[in-house]
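Undergrad: Got a structure for you, questions after.
The values are calculated or read from the model by the stated rules, or taken from the named source; none is laboratory data. Since this is a predicted model, take the numbers as computed values, not measurements. Methodologically, a virtual Cβ is constructed for each residue, glycine included, from the backbone with ideal geometry; neighbour enumeration extends over all protein chains shown. Heavy atoms of the whole protein, side chains included, go into the accessibility calculation; ligands, DNA and RNA do not. Shrake-Rupley method; radii C 1.70, N 1.55, O 1.52, S 1.80 Å.
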Amino acid sequence: MRVSVEEGEPGFRLLINNPRPIVTFNYRPSRAVGVFEGPSYEGEFLGHRLRVEESNGRLTIVKDLDLKEHVLGLGEKAYELDRRRVRVRMWNLDASAPTPYGWYSDPLYASIPFLISVRHSEAVGLFVNSPAELYFDIGLTRYNEVRVTVPHSDVEVYVIRGPSVERVIENYTDITGKPLEPPDWALDYQVSRCCGYEPQDVVVRVVNELEAFGLKPSAVYLDLQYMDSGKIFTWDRSKFPNPRGLSEELHRRGVRFITIIDHWVKLDQNFDVFLSGLGKYCEAQNGELYVGKGWPGAVVFPDFFNREARDWWSSLVERWVRDYGVDGIWLDMNEPTDYVREREWSIDRGAIHRLDDGRRVRHELARNAYPYFQAAATYEGLRRAGVDKPFILSRAGYAGIQSYAFLWSGDNTGSLDDILLQMQLVESMGLSGIPFFGCDLGGFIGRGDLRRYRPYMDQGELLVRYFRAGLFFPLLRVHTSSNPDREPYMLRGDHAQAVKRAVELRRSLMPYLLALATEAHETGHPIVRPLVYHFQDDDDAYHIIDEYMVGGGLLYAPQIYGESRRVYLPRGNWVDWWSCVEYRGPTWIESGSEFPLFIREGSVIPTTSEVRVYGKGSIRLRDGRVIEYDGVGLRAPGYSRAILYSGGRCSELAISG
């Protein structure tokens, strides 16, 4: 075994047996530490001991695990926030194809082989850059070890500097890429339904009704049924006779237009998209076209791992956007799924991908990066079409996809258990470098799916709880299958008004959310943050998933259990958004507020109508304006009203220009 060690500003890189990564990232070492050869390797990095073992063409990377060490991250994993005592698999999977997923289902749709270890209140990151089928064992089979199994003999490993969780994420996204800069509308209320609003006039009628109710959406999605026989980049003209006219009508109303695009291409010698892509599809081991099963029947799969295929795909996206006024692309099924039960609904492990450098690699060594390259090609197509800030929503992903796409958690099943799971997933994805993430509010899996027992719960009440939980999720989208209508004009009156109040509160805080989106783009900081993000020395915080920080200034504890709940406030001073009551943490309190929201001391929170101030602080808005309170005067360009929290009361604060 040969291990080369390099050091750079973000941390250390270990090159084990001269790897040639399938996904290459931006790491510039400042010095070479050394080259080591032998049957195994052992070294210490940032206070953590690493050991690398090689056997039968496989690697095992071992890190010591301290008695009270916490382990965070690892992306989309349906386990507790602290990953101790779990063994998880990195293998993008259509997670609800075998049976609807829930707590402790593994794997799910996205694979992010990056963890954050917090020992003695100091954080260090570990990133294993391989899109193959990795296993992370966090002290389960061996009590005091983290063990990562790599199914090949060469890999690059990063040990990433902290000492704060925030600093680890900054350094990790320095390596893998900063998150995209989303358009403003992408953080607003969006609507969708499986398998699509249809026909064309119904899309407009849905928007009309929502607007009449007072909740015009920022975007409407079209699912599969707009296509001609499931063929991507086509329209069923019997349902959508004038798609360009539809997009123009939606744009006139201030609503964006998003279409689903699957990863497979119908195998049809009369289909122009199929014919134009010949030579750019995945192959079987014998060099023939690899043919799978998808919604359209027999399908082939674009080989996004090579530049020619990506360029071809980008040109298809560009033409689609230009011809029909499409504002965003929704990438579904891109784990990639192939509907063959015996293979876990996955492309055959032996299918062949061709890389940019001419190498041919088996699917099992590259699988998890498929959605990364598809998203990159889609992003390029949108840019070519003149879209300044592309919007892509992807179901699957790998490290680095944050530079190109939002992600969502796929086919969830509506329940209180799922609400808690979705909160944990959003928090953990934020800790894994994916700040723009969300779920299908209300749950996707329909009533007709009886593969898992589901106790009855009023669907309107459940939807209200989802809106409360997801109030500040970066993606606020309603999407469902064979469930009751989720549009508020179809809900019972009290439920409809509760949904409306939630959306209106979010919209009132849009200046703050957009400032956080800019911060995420520039630094990698998540928008939704578990309490441990800011309080990594607070052991209690590692057990709390049902409340979260929104940026650094707000703590939100969704009212999801009933009409009252306990709220944990970590150390420091906090003030209730609504009552002006101040609290000193750490403490537990009871809140009967519909939206339990607390401002952290030292925060300036801009809304659409005013600025709220609790202690000295500042914030930079998305347009570059800076709002600052120095304890004496408030500088808030563009605002005429401010509220100061002080001494257990709220008062008007003069603005000094």
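Undergrad: Check the stretch 375-392 and report whether any residue there is in a strand (DSSP E or B), within 11 Å of the chain's Cα centre (by Cα) and among the hydrophobic types (A, V, I, L, M, F, W, C).
TA: From the stretch 375-392, those in a strand (DSSP E or B) are 392; that's our starting set.
Applying the additional criterion that residues be within 11 Å of the chain's Cα centre (by Cα) yields none.
Looking through the stretch 375-392, none of the residues is in a strand (DSSP E or B), within 11 Å of the chain's Cα centre (by Cα) and among the hydrophobic types (A, V, I, L, M, F, W, C).
Undergrad: Output the qualifying pairs, or none if there are none: Cβ atoms under 8 angstrom, residues six or more apart or on different chains, first residue in the stretch 130-150 and farther than 16 Å from Pro107 by Cβ, second residue open to solvent by 40 Å² or more (accessible area, probe 1.4 Å) and part of a loop (DSSP other than H, G, I, E, B).
TA: Gly139/Arg84; Gly139/Arg85; Asn144/Asp66; Asn144/Leu67; Arg147/Thr141
Undergrad: When you scan the stretch 616-631, do you find a residue that is open to solvent by less than 40 Å² (accessible area, probe 1.4 Å) and modelled with pLDDT under 95, even just one?
TA: Scanning the stretch 616-631 turns up at least one residue that is open to solvent by less than 40 Å² (accessible area, probe 1.4 Å) and modelled with pLDDT under 95.
Undergrad: Suppose we keep only residues that are aromatic (Phe, Trp, Tyr) and part of a loop (DSSP other than H, G, I, E, B) within the stretch 461-492. Which one would you say is surrounded by the most Cβ atoms within 10 Å (Cβ to Cβ)?
TA: Applying the filter and picking the extreme gives Phe473.
Undergrad: Okay, next question. With the checklist (1) more than 19 Å from Ala396 (Cα to Cα); (2) open to solvent by 10 Å² or more (accessible area, probe 1.4 Å); (3) not in a strand (DSSP E or B) in hand, flag the one item Ala298 doesn't pass.
TA: Condition (3) is where Ala298 drops out.
Undergrad: Residue under question is Val326, and the condition is that it be open to solvent by less than 10 Å² (accessible area, probe 1.4 Å), closer than 30 Å to Arg252 by Cβ and out of contact with any strand residue (DSSP E or B) (no Cβ under 6 Å at 6 or more places or on another chain); does it hold?
TA: Details: open to solvent by less than 10 Å² (accessible area, probe 1.4 Å): yes; closer than 30 Å to Arg252 by Cβ: yes; out of contact with any strand residue (DSSP E or B) (no Cβ under 6 Å at 6 or more places or on another chain): no.
Criteria not met by Val326.
Undergrad: For the stretch 75-106, which residues satisfy the criterion of being outside any loop (DSSP other than H, G, I, E, B) and open to solvent by less than 50 Å² (accessible area, probe 1.4 Å)?
TA: Val86, Val88, Arg89, Met90
Undergrad: On to the next question. Quick one: which strands (runs of 3 or more DSSP E) sit completely within the stretch 13-74 and have at least 3 residues that are farther than 18 Å from Thr149 by Cβ?
TA: It comes to 31-37, 40-45.
Undergrad: Okay, next question. Can you tell me which residues in the stretch 131-166 are out of contact with any Ser or Thr (no Cβ under 8 Å at 6 or more places or on another chain) and among the basic types (Lys, Arg)?
TA: Hits for the stretch 131-166 are Arg142, Arg161.
Undergrad: Taking the residues in the stretch 251-267 that are more than 27 Å from the chain's Cα centre (by Cα) and part of a loop (DSSP other than H, G, I, E, B) as candidates, determine which candidate is surrounded by the fewest Cβ atoms within 10 Å (Cβ to Cβ).
TA: So the residue we want is Arg253.
Undergrad: Right, another one. Sort out which residues of the stretch 393-451 are aromatic (Phe, Trp, Tyr) and either touching a Pro at 6+ places or on another chain (Cβ under 6 Å) or part of a strand (DSSP E or B) (or both), and write them in order of number.
TA: Tyr398, Phe406, Trp408, Phe436, Phe437
Undergrad: Inspect all residues belonging to the stretch 173-184 and state whether any of them is of a type outside the set (Phe, Trp, Tyr), part of a helix (DSSP H, G or I) and surrounded by fewer than 18 Cβ atoms within 10 Å (Cβ to Cβ).
TA: Within the stretch 173-184, one or more residues are of a type outside the set (Phe, Trp, Tyr), part of a helix (DSSP H, G or I) and surrounded by fewer than 18 Cβ atoms within 10 Å (Cβ to Cβ).
Undergrad: Can you find a residue that is among the hydroxyl-bearing types (Ser, Thr, Tyr), more than 21 Å from Lys77 (Cβ to Cβ), open to solvent by 30 Å² or more (accessible area, probe 1.4 Å) and touching a helix residue (DSSP H, G or I) at 6+ places or on another chain (Cβ under 6 Å) anywhere in the stretch 375-389?
TA: Checking the stretch 375-389: not a single residue is among the hydroxyl-bearing types (Ser, Thr, Tyr), more than 21 Å from Lys77 (Cβ to Cβ), open to solvent by 30 Å² or more (accessible area, probe 1.4 Å) and touching a helix residue (DSSP H, G or I) at 6+ places or on another chain (Cβ under 6 Å).
Undergrad: What's the number of the condition Glu248 fails, among (1) assigned to a loop (DSSP other than H, G, I, E, B); (2) surrounded by fewer than 15 Cβ atoms within 10 Å (Cβ to Cβ)?
TA: It is condition (1) that Glu248 fails.
Undergrad: Looking at this structure, is Asp348 farther than 25 Å from Phe406 by Cα, touching a helix residue (DSSP H, G or I) at 6+ places or on another chain (Cβ under 6 Å), acidic (Asp, Glu) and surrounded by fewer than 20 Cβ atoms within 10 Å (Cβ to Cβ)?
TA: When the stated conditions are applied, Asp348 does not pass them.
Undergrad: Output yes when any residue across the stretch 335-346 is closer than 24 Å to Trp320 by Cβ, part of a loop (DSSP other than H, G, I, E, B) and under 21 Å from the mean Cα position of the chain (by Cα), and no when none is. Can you show your working first?
TA: First, pick out the residues of the stretch 335-346 that are closer than 24 Å to Trp320 by Cβ: 335-338.
Next, only the ones that are part of a loop (DSSP other than H, G, I, E, B) stay: 335-336, 338.
Now drop any that are not under 21 Å from the mean Cα position of the chain (by Cα), which leaves 335-336.
Yes, some residue in the stretch 335-346 is closer than 24 Å to Trp320 by Cβ, part of a loop (DSSP other than H, G, I, E, B) and under 21 Å from the mean Cα position of the chain (by Cα).
Yes/no matrix, rows are residues, columns are (1) among the β-branched types (Val, Ile, Thr); (2) out of contact with any His (no Cβ under 9 Å at 6 or more places or on another chain); (3) under 17 Å from Tyr101 (Cβ atoms):
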{"site": "Tyr398", "(1), (2), (3)": "no, yes, no"}
{"site": "Gly414", "(1), (2), (3)": "no, yes, yes"}
{"site": "Leu441", "(1), (2), (3)": "no, no, yes"}
{"site": "Gly446", "(1), (2), (3)": "no, yes, yes"}
{"site": "Arg465", "(1), (2), (3)": "no, yes, no"}
{"site": "Leu475", "(1), (2), (3)": "no, yes, no"}
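Undergrad: Considering every residue within the stretch 316-339, establish whether at least one is modelled with pLDDT under 95 and either farther than 22 Å from Val207 by Cβ or acidic (Asp, Glu) (or both).
TA: yes
Undergrad: Condition first: surrounded by 24 or more Cβ atoms within 10 Å (Cβ to Cβ) and small (Gly, Ala, Ser). Now tell me which residues in the stretch 411-437 satisfy that.
TA: Within the stretch 411-437, Gly414, Ser428, Gly430, Ser432, Gly433 meet the criteria.
Undergrad: Within the bounds of the stretch 471-488, is there any residue that is touching a strand residue (DSSP E or B) at 6+ places or on another chain (Cβ under 6 Å), at pLDDT below 95 and within 23 Å of Tyr189 (Cα to Cα)?
TA: Yes.
Residue-wise test of (1) without any contact (Cβ under 8 Å) to a residue 24 or more places away in the chain; (2) surrounded by fewer than 20 Cβ atoms within 10 Å (Cβ to Cβ); (3) of a type in the set (A, V, I, L, M, F, W, C).
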position	(1), (2), (3)
His495	no, yes, no
Arg501	no, yes, no
Ala517	no, no, yes
Gly553	no, no, no
Pro586	no, yes, no
Glu590	no, yes, no
Ser593	no, yes, no
Pro596	no, no, no
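Undergrad: Under 24 Å from Ala498 (Cβ atoms), open to solvent by less than 30 Å² (accessible area, probe 1.4 Å) and in contact with a helix residue (DSSP H, G or I) (Cβ under 7 Å, 6 or more places away or on another chain), is that true of Ser218?
TA: Details: under 24 Å from Ala498 (Cβ atoms): yes; open to solvent by less than 30 Å² (accessible area, probe 1.4 Å): yes; in contact with a helix residue (DSSP H, G or I) (Cβ under 7 Å, 6 or more places away or on another chain): yes.
In short, yes.
Undergrad: For residues that are within 25 Å of the chain's Cα centre (by Cα), farther than 14 Å from Leu431 by Cα and not in a loop (DSSP other than H, G, I, E, B), tally how many sit in the stretch 150-172.
TA: Of the residues in the stretch 150-172, the ones within 25 Å of the chain's Cα centre (by Cα) are 150, 156-172.
Then drop every residue that is not farther than 14 Å from Leu431 by Cα, which leaves 150, 156-159, 161, 163.
Cutting the leftovers down to not in a loop (DSSP other than H, G, I, E, B) gives us 150, 156-159.
The number of residues fulfilling the criteria is 5.
Undergrad: Give me the residue from the stretch 33-70 that is of a type in the set (Asp, Glu) and in contact (Cβ under 8 Å) with a residue 12 or more places away in the chain and, out of that set, least open to solvent (accessible area, probe 1.4 Å).
TA: Per the criteria, the residue is Glu69.
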